[in-house]
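Taken together, the values in this text are just the output of simple stated rules run on the coordinates, not laboratory data. Computed from a predicted structure; not experimentally measured. When we count neighbours, we look across all protein chains shown, and the Cβ atoms used for this are built from the backbone with ideal geometry, even at glycine.
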Amino acid sequence: MTRRLSAVLAALAALALAGCSEDRPGDVRKVLPISAIAFNDSVGNNDTLFIKVQYAFTTTCEKNGKFEISPIAGTPNYTVVPVAVYAGDEVCTGVNGTDIATLRVTDLGDGPRQFVVAGANQSIVANVRGSNSVVFVREPGIAFRIVVQDKDTGLAVPNANVQIRRLVDSFTLLDTNAGVDGRVEYIQPCDGTDLQYVVSASFNGRSTNLVVRVPPARCGIPEAVVIRV
């Protein structure tokens, strides 16, 4: 095992421990269902990988999602499980909603990695490539690489409708159909504004919305989105 990969494993282990450090006898652990992920799929030297996972909750006790991370034996890949952990005697109020939890990984190293986000309902794979080059990921603007997948099969959904809107004013930046491979690419010039975008996918009466935040410091770094409908 290389020194760089050992560092990644150590960092992920620390994150996993931090996410579950409140576990006590009698705690309830619930794996959360997921519907979409967003991540910078190319990570240059000294950059950080951000994997944003949208999960659903049905009670107030499930609102604060955490991650459990484990390496997949014999590979450079990892399993990421979104969970809610709360005291068994905590009073939970029924409430339906979605939220986003973010996993941060530093010192990713050089080469491909897979992060398999395993929710209660399905698994979504983040395919990431690290590089020792600091110019590995630069793009001319805010770049989205979107793939729409079927929530039951995980296969690409051809011709799914894809929209990108600004969250602040609901202005539609893109309204198009995915190709036969379920993919859409879009680039908007950077304007230095801290914006949140709503990426929506719909097909056969089903739809999923994902909020993706693009701060000024990340402008020019491509964002991959895998969204299930």
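Numerical summary
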item: Mean separation of Cα contacts under 8 Å, 6 or more apart, over the residue count of region 141-228: relative contact order %; result: 39
item: Charge tally in the Cβ shell below 11 Å around Asp150, where Lys, Arg are +1 and Asp, Glu are -1, Asp150 excluded; result: +2
item: Under 5 Å, built H, 5+ apart or other chain: amide partners of Asp41; result: Ala224
item: Leading residue at positive end of dipole, the chain (Cβ point charges), from Thr106, Asn132, Thr193; result: Asn132
item: Computed magnitude of the charge dipole of region 141-228 (debye, nearest 20; Cβ of K, R +1, Cβ of D, E -1); result: 160
item: Residue (of Val157, Asn77, Thr93) at the positive-pole extreme of the chain, dipole from beta-carbon charges; result: Asn77
item: Pairwise centroid distance, computed over Cα atoms, of region 49-108 with region 153-229, Å; result: 22
item: The chain: relative contact order in percent, alpha carbon pairs under 8 Å with at least 6 residues between; result: 22
item: Exposure rule at most 16 other beta-carbon atoms within 10 Å, DSSP loop GluC sites (Glu not before Pro): the chain longest free segment; result: 91-229
item: Neighbour net charge for Thr208 - beta-carbon separation under 10 angstrom, K R +1, D E -1; result: +3
